[in-house]
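J.: I have a structure here, written as structure tokens, and I will follow up with some questions on it.
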Amino acid sequence: MSTEKSEIILKKLEANLPPAIVPPGVPSNETKEVQDDYEFSRKSYRDLVSKSNQAIESMLDLALQAEHPRAFEVLSLMLKNTSEITDKLMDLQKKKKNMKEADEAPKPGPQVGTQNVFIGSTTDLQKHLIAKLAEKNVTDTADNT
């Protein structure tokens with residue numbers, strides 16, 4: 001068989017094989033993208049909170065100097081927005097934790113079932129059950145002494 005035919009056959013086989021299983025500890029592309037998005041979001045939220053805190057300090061000085069109700073109203077809105085951003089930052093942490101727990105949760109494996117079938121008459125079954133019960137009672141009384 002020529003080398004070209006071998007390569008063609010290998011490519012067809014690879015196309016029909018299931019995707020490779022990623023070993024634990026090695027991040028997949030999807031996991032890496034999620035981690036990158038998480039880090040970007042976290043950095044953005046933290047930057048927003050930092051800038052909001054600086055703006056609040058400036059607005060507080062302005063509101064105290066102006067003693068105008070509108071200045072205090074704007075200040076209260078800024079405080080509310082900053083608290084909402086910090087809540088979103090905490091929600092982001094919870095989401096990341098939930099995703100990590102879901103990734104680490106054991107995946108269900110194939111279900112293995114066993115079925116016992118008794119082949120015989122009902123009399124044979126009763127004799128078998130009586131023998132098992134008698135055996136169990138002897139074992140139980142022997143264990144208690």
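J.: Charges only on Cβ, +1 for Lys and Arg, -1 for Asp and Glu: so what's the dipole of region 29-103 about the Cα centre, in debye to the nearest 20?
T.: Charge dipole, region 29-103, about its Cα centre: 140 debye, nearest 20.
J.: Further question on the same structure: Quote the FRET efficiency, to the nearest 0.05, computed for Met90 versus Ala66 with a Förster distance R0 of 41 Å and r equal to the Cβ-Cβ distance.
T.: Once rounded, the FRET efficiency stands at 0.75.
J.: I'd like the Karplus ³J(HN,Hα) series for region 39-50: coefficients 6.51, -1.76, 1.60, θ = phi - 60°, whole numbers in Hz, and an x wherever there's a Gly or Pro.
T.: Values per residue, Gly and Pro as x: 5, 5, 4, 4, 5, 4, 4, 5, 5, 4, 5, 4 Hz.
J.: I need Ile85, Ile8 ordered by Cβ neighbour count within 10 Å, fewest first.
T.: Going from sparsest to densest Cβ surroundings: Ile8, Ile85.
J.: Once you list every other residue whose beta carbon is under 14 Å from the beta carbon of Lys97, what net charge do they have if Lys and Arg are +1 and Asp and Glu are -1?
T.: Net charge in that neighbourhood comes out at +1.
J.: By count of other Cβ within 10 Å, fewest leading, how are Tyr38, Tyr45 ordered?
T.: Tyr38, Tyr45
J.: Mind giving me the nanometre distance, one decimal, between the label points for Asn137 and Asn29, set 7 Å out from Cα along Cα→Cβ?
T.: It is 6.9 nm.
J.: I've got another one for you. Neighbour counts of other C-beta atoms within 10 Å: give me Phe40, Phe72 arranged from fewest to most.
T.: Least crowded to most crowded, the residues run Phe40, Phe72.
J.: Can you compute the FRET efficiency between Asn98 and Ser50 using 1/(1 + (r/R0)^6), with r the Cβ-Cβ distance and R0 = 30 Å? Round to the nearest 0.05.
T.: 0.70
J.: Still on this model: If R0 is 35 Å, what FRET efficiency do you get for Glu7 and Asp37 from their C-beta distance, rounded to 0.05?
T.: Numbers: r = 38 Å, r/R0 = 1.10.
Efficiency, from the Cβ-Cβ distance: 0.35.
J.: Ratio of alpha-carbon Rg to the 2.2 N^0.38 Å globular estimate for region 29-103, to two decimals, please. Don't skip to the end; give the middle numbers.
T.: Numbers: Rg = 17.0 Å, N = 75, 2.2 N^0.38 = 11.3 Å.
With N residues counted in region 29-103, Rg over 2.2 N^0.38 Å equals 1.50.
No lab work stands behind these numbers, since they all come straight from the coordinates. Predicted model only: the values in this text are computed from it and were never measured. Quick reminder, even Gly has a Cβ in these numbers, built from the backbone with ideal geometry, and neighbours come from all protein chains shown.
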